[in-house]
Amino acid sequence: MNEVAVDLDEMREKILSEPDVILDDRDIMRALIAANEKSLGTNIVDLRGIAMERLESRLDRLEDTHRSVIAAAYDNLAGTNQIHRAILTMLDPVTFEGFLKGLGSDVAAILRVDCIRLVLESPANAEGDVAIRKLGDVLNVVKPGYIQDYVTHGREGAPVRPVTLRQLRPESEGLYGEAANWINSEALLLLDFGEGRQPGMLALGAEDPHQFRPNQATDLLAFFAGVFERQMRRWLS
């Protein structure tokens, strides 16, 4: 009994000297509140305990929100840095062939996509087809109207947004070639090269079906498309 009394005295002195140790420990505080409520009996409601439970619940929600905001800010910063790196890499080449090659390799790697296609609308001609094939697989020249049909799946009157994100497997190999067999999501960036020129489109294809989803923000991709348009005008002039 004497040893127990000594331990209790030491504990009491410790608590009196450092009360914050108790106040900061949620488990101890819950145990003390439960003991207090038990001693009050069933006919008495301790409003302090109820208030503390509500405050703890609100604190937990605030902590979850705080973590979510930090995670979203980090993802946005990482995405911004990724787009900036891709743009700087895209501005390096001094020839159009080098530009297309870098687009399909270095830029695709930075953006973490598995396939990039630059789609340009133009009336078909045999000589042009031969020259295009020499430029590699990244560039696709199609007939006028192809881009709108591809984005809208041929639905007349369907809205065409500057950036379209969707989860699907392409219906044909017309755009991605053999890669269409494993493309499960894509980002379609519409391109405006100026008055008097046919429209274009940049297609980013990914094997991961969750890489591009309709509920994602498109601000960074729209910015990337704007820089890409200006770079393309250099080559088209």
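The values are calculated or read from the model by the stated rules, or taken from the named source; none is laboratory data. For clarity, every value in this text was computed on a predicted model and none was experimentally measured. Every residue, glycine among them, receives a Cβ derived from its backbone with ideal geometry; neighbour counts consider all protein chains shown. Calculation scope for accessible area: heavy atoms of the full protein, side chains included, ligands and nucleic acids excluded. Shrake-Rupley method; radii C 1.70, N 1.55, O 1.52, S 1.80 Å.
A few points about this structure:
- Long-range HN-HN contacts of Glu121 with modeled amide H, under 5 Å: Val142
- Carbon/sulfur fraction of accessible area - region 59-119, other protein chains in place, 1.4 Å, %: 57 percent
- Point-charge dipole on Cβ atoms (K/R +1, D/E -1) for region 106-237, about Cα centre, debye to 20: 280 debye
- Accessible surface ranking that places the most exposed of His84, His210 first, with a 1.4 angstrom probe: His210, His84
- Just the protein heavy atoms count here, and of the accessible area of region 143-223 at 1.4 Å, carbon and sulfur take up 48 percent.
- Lys143 accessible area, 1.4 Å probe, all protein chains in place, Å² to nearest 10: 140 Å²
- Anisotropy class of region 132-237 from Cα gyration tensor, a/c 1.5 cut: rounded
- Over region 143-204, equivalent-ellipsoid semi-axes from the Cα gyration tensor in Å: 21, 13, 12
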